């Protein structure tokens, strides 16, 4: 049986202190996957940080220099909504390296899972919404630059619109962006994705899955990506502090299964990143992310069995 590898670095924590974004969740998820024996230590692979050249494939040199030198303005930090620290910058560079590695593993194994990443609100020249750099876009651009792929699709299932990703890939025919999100939520300005699925407050499992399934399958019918990046946000959950949708644990599992199964049965590798999750109980957020890891493994193994590999 081919491997199922999980990308993780012990310094993924953004060093936010007391903040609504529980960035220690990356370590807590890693520890739970070990504690429950879902994964063994040898199943984890450690990424190298993205290089500054990698980051500049997407981001303006001036923004990269500001982050590296700690010369962000007061306005920059207000828009970012997280405190600046050297540890924060290191964690973002590691997350981007992790998503690059997850993309490579996806191309090798079928699925690559980054226990981190998904920072979809970062624009070329600024960060916002807890996102300093856009690891999703950086990984896609690095795969394209290396000649590994030409065409990619981003399926963003975070409760918040993937505004930075949409803006980065606007007017780029080589990347299809799909965002399904609560419409009456952050960000107030939503640049147009290739496909935006706007959901009303209180949308439940059944409607969510119906809308996602129809939009996603239609997108794949007209756009044939060589890599899919799945932004598996935990925040559509009904008890999320920053969300207003009503998805259950079971509905989120079905979402994961729909996205991953559909891609793999079309021979499209899937790189998975975690993105947001702000449940009242952080244990619920960890459970949702752990369920995504489990569903991905189950689907991958089923597809391998059926294909005889």
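For the reader, a short list of remarks on this structure follows.
- Candidates 170, 152, 221, ranked by Gaussian network fluctuation over the chain, Cα under 10 Å, top entry: 221
- When the Cα gyration tensor is reduced to axis lengths a ≥ b ≥ c, the ratio a/c is 1.5 or higher for region 164-309, and with a/b not above b/c it is classed as oblate.
- The fewest-to-most ranking of 93, 63 by surrounding Cβ atoms within 10 Å reads 63, 93.
- Paramagnetic reach from residue 145 (point 7 Å along Cα→Cβ, amide N under 19 Å) across region 68-100: 68-69, 90-100
- Separation between Cα centres of region 247-264 and region 161-191, rounded to whole Å: 21 Å
- Full-stretch length increase - residue 224, residue 305 - with 0.36 nm per residue and alpha-carbon distance subtracted: 26.8 nm
- Packing around the peptides 36-45, 82-91, taken as the average count of other Cβ atoms within 10 Å per residue, puts them in this order, highest first: 82-91, 36-45.
- Top of 101, 274, 72 by mean-square fluctuation, Gaussian network on the chain, Cα under 10 Å: 72
- Mean residue ellipticity, 222 nm, helices only, the chain: the sum of -39500 (n - 2.57) across DSSP H runs of n ≥ 4, divided by residue count and rounded to 500, is -14000 deg cm²/dmol.
- Cα-based shape type of the chain, given that a ≥ b ≥ c are square roots of the gyration tensor eigenvalues and the cut on a/c is 1.5: rounded
- Projecting label points 7 angstrom from Cα along Cα→Cβ for residue 18 and residue 62 puts them 3.7 nm apart.
- Exposure proxy shown here: for 268, 115, 100, the number of other Cβ atoms within 10 Å sets the order, fewest to most, as 268, 115, 100.
- Only Cα pairs under 8 Å and 6+ residues apart enter the sum, and on that basis the relative contact order of the chain stands at 18 percent.
- For region 25-143, the relative contact order comes to 30 percent (Cα pairs under 8 Å, sequence separation of at least 6).
- Pairwise label distance in nanometres, residue 192 with residue 37, each label 7 Å out on the Cα-Cβ vector: 5.4 nm
- Beta bridge orientation in the chain: antiparallel %, DSSP, nearest 5: 10 percent
No lab work stands behind these numbers, since they all come straight from the coordinates. As the structure is a computational prediction, the values presented were derived from the model and not from experiment. Methodologically, a virtual Cβ is constructed for each residue, glycine included, from the backbone with ideal geometry; neighbour enumeration extends over all protein chains shown.
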